[in-house]
Amino acid sequence: MSRAWNFSAGPAALPVTVLQRAQAELLEWDGAHASVMEVSHRGKAFMEMAARAEADLRELLAIPANYKVLFLQGGATQHFAQVPMNLCADGQRADYIVNGHWGEKAATEAAFYADARIAASSLADAYRSIPARATWELDPGAAFVHITTNETIHGVEMRDIPDVGEVPLVADMSSDILSQPLDVSKFGLIYAGAQKNIGPSGLVVMLVREDLLARHPRPLPKIFRYAEYAAADSMLNTPNTWGWYLAGLTFQWLKEQGGLVEMGRRNAAKAALLYAAIDGSGGYYSNPVEPSARSRMNVVFNLHDAALDPVFVAEGGKAGLLALKGHRALGGIRASLYNAVPIEGVQALCDFMTEFQRTHG
Ligand SMILES: *Cc1c(COP(=O)(O)O)cnc(C)c1O
């Protein structure tokens, strides 16, 4: 067996011990004489697992009691549309802060249900920064303000949670949730696709303040209403049982590692190591992002000669460093350093970079 260091942006690396535990329990889970994928989601064993997963997540993030935790499907992309569907009256304004590809997409999808406005954007800066808070043109009557705390493609992270007054703050945290401690009470709603920092794709975790669930801006089929999921403990219909189970194992793993304070410490150290390697290369490697907005989760960088990009990616693969190719929209290189990527993997990448520069300089 040869598992390589995996820098995939998503679906991304999962903790090895989580995969080993899932493997050990695959055929016979929790005394069920069947796998977790083959039992009723309404049975006692699954319901207990689901409750434990929620309790562990609540503990990790210190989620206040007036927030519901939902385990949903459809990927973050479905919720680009479903969030405004649930929170905005027809034509009501919703403000979007756009600092990358995903925020752009969220605003485009919201326009079917809301007067979705780009209240601030760093497009003119090619999404290499976060628009300064003082420039945001917010409407106090907006249904919500939407932010993307980490832009996975552009490698840009919003380090400070902005103060947007009384208007609920909604955040797509698909690629940085659980990467450090978070003050959930500053948000109205947080959602995240699982395949970056939580588990397999096909699962979405949402934290939503109860007063937002009471909004009823338009008649909706039950299957699209968050309040219905909350009332049914996320079991309105058959949930993604396998994804939920793996997410639960990841939450247990995070607790065993020392929780989000420890993950924050590790993630800061990993990112610092890689950015130092880039910055210390004398221009051989370069990162285009404004230093204060550099992502800890997705590090994008360029080689001094773009013709070397495919060589770097191919030789990296041979050296046991997977998925370093940059997103097709940007080119270059991207290394994603989610929770499951240990600092040893980042050190291996830095060593490879030094060696590559020496041999291809
Ligand atoms: C990956 C990602 C998405 C899209 O997730 P899907 O599950 O494919 O819909 C949305 N937002 C961010 C920030 C992401 O990283």
Checklist entry - Just checking, how many residues over region 166-189 are open to solvent by less than 20 Å² (accessible area, probe 1.4 Å), within 22 Å of Arg294 (Cβ to Cβ) and away from the ligand (no atom under 13 Å from the Cβ)? => result 1
Next on the checklist: Condition check: part of a helix (DSSP H, G or I) and either closer than 25 Å to Gly331 by Cβ or in contact (Cβ under 8 Å) with a residue 24 or more places away in the chain (or both). Does Ser292 satisfy that?
Outcome noted: yes
Checklist outcome for this item: Within region 100-127, of all residues that are within 19 Å of the chain's Cα centre (by Cα) and open to solvent by 70 Å² or more (accessible area, probe 1.4 Å), the one farthest from the ligand (Cβ to nearest atom) is Glu104
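Name the one entry in Met206, Met235 that is within 15 Å of the ligand (Cβ to nearest atom) and either assigned by TED's automatic domain parsing to the domain that holds Arg42 or surrounded by 14 or more Cβ atoms within 10 Å (Cβ to Cβ) (or both).
Met206
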Checklist entry - Only one of (1) touching a residue at least 60 places away in the same chain (Cβ under 8 Å); (2) buried (at least 18 other Cβ atoms within 10 Å of the Cβ) fails for Pro131. Which number is that? => result (1)
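Which residues, taken from region 127-138, are assigned to a helix (DSSP H, G or I) and out of contact with any strand residue (DSSP E or B) (no Cβ under 6 Å at 6 or more places or on another chain)? Break it down stepwise before answering.
If we filter region 127-138 for residues that are assigned to a helix (DSSP H, G or I), which is where we start, we get 133-135.
Hits for region 127-138 are Arg133, Ala134.
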Next on the checklist: farther than 21 Å from Glu157 by Cβ and open to solvent by 20 Å² or more (accessible area, probe 1.4 Å): is that true of Leu308 in this structure?
Outcome noted: yes
Item to check | The one condition in (1) over 21 Å from Met297 (Cβ atoms); (2) modelled with pLDDT of 95 or more; (3) among the polar types (S, T, N, Q) that Thr77 fails to fulfil | outcome: (1)
Item to check | Contacts under 7 angstrom Cβ, first residue in region 301-317 being closer than 20 Å to Val289 by Cβ, partner part of a helix (DSSP H, G or I) and among the charged types (D, E, K, R), 6 or more apart | outcome: Leu303/Asp309
Checklist entry - touching a residue at least 40 places away in the same chain (Cβ under 8 Å), out of contact with any His (no Cβ under 7 Å at 6 or more places or on another chain) and within 23 Å of Val184 (Cβ to Cβ): does that describe Val69? => result yes
Checklist entry - Condition test on Leu72, is it within 30 Å of Leu169 (Cα to Cα), modelled with pLDDT of 95 or more and either in contact with a helix residue (DSSP H, G or I) (Cβ under 6 Å, 6 or more places away or on another chain) or open to solvent by 20 Å² or more (accessible area, probe 1.4 Å) (or both)? => result no
Checklist entry - From the list Phe352, Phe356, which residue is part of a helix (DSSP H, G or I) and under 12 Å from Phe7 (Cβ atoms)? => result Phe352
Checklist entry - Give me the pairs: first residue in region 156-173 and within 13 Å of Phe187 (Cα to Cα) and of a type outside the set (S, T, N, Q), second residue within 13 Å of the ligand (Cβ to nearest atom) and in a strand (DSSP E or B), beta-carbon distance under 6 Å, and six or more apart or on different chains, which are they? => result Val170/His146; Ala171/Ile147; Ala171/Ile190; Asp172/Thr148; Met173/Ile190; Met173/Ala192
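The values are calculated or read from the model by the stated rules, or taken from the named source; none is laboratory data. Everything numeric here is computed off the predicted structure, so don't read it as measured data. No Cβ is skipped: glycine too gets one built from the backbone with ideal geometry, and neighbour counts run over all protein chains shown. Keep in mind that these areas ignore ligands, DNA and RNA; they rest on the heavy atoms of the full protein, side chains included. Shrake-Rupley method; radii C 1.70, N 1.55, O 1.52, S 1.80 Å.
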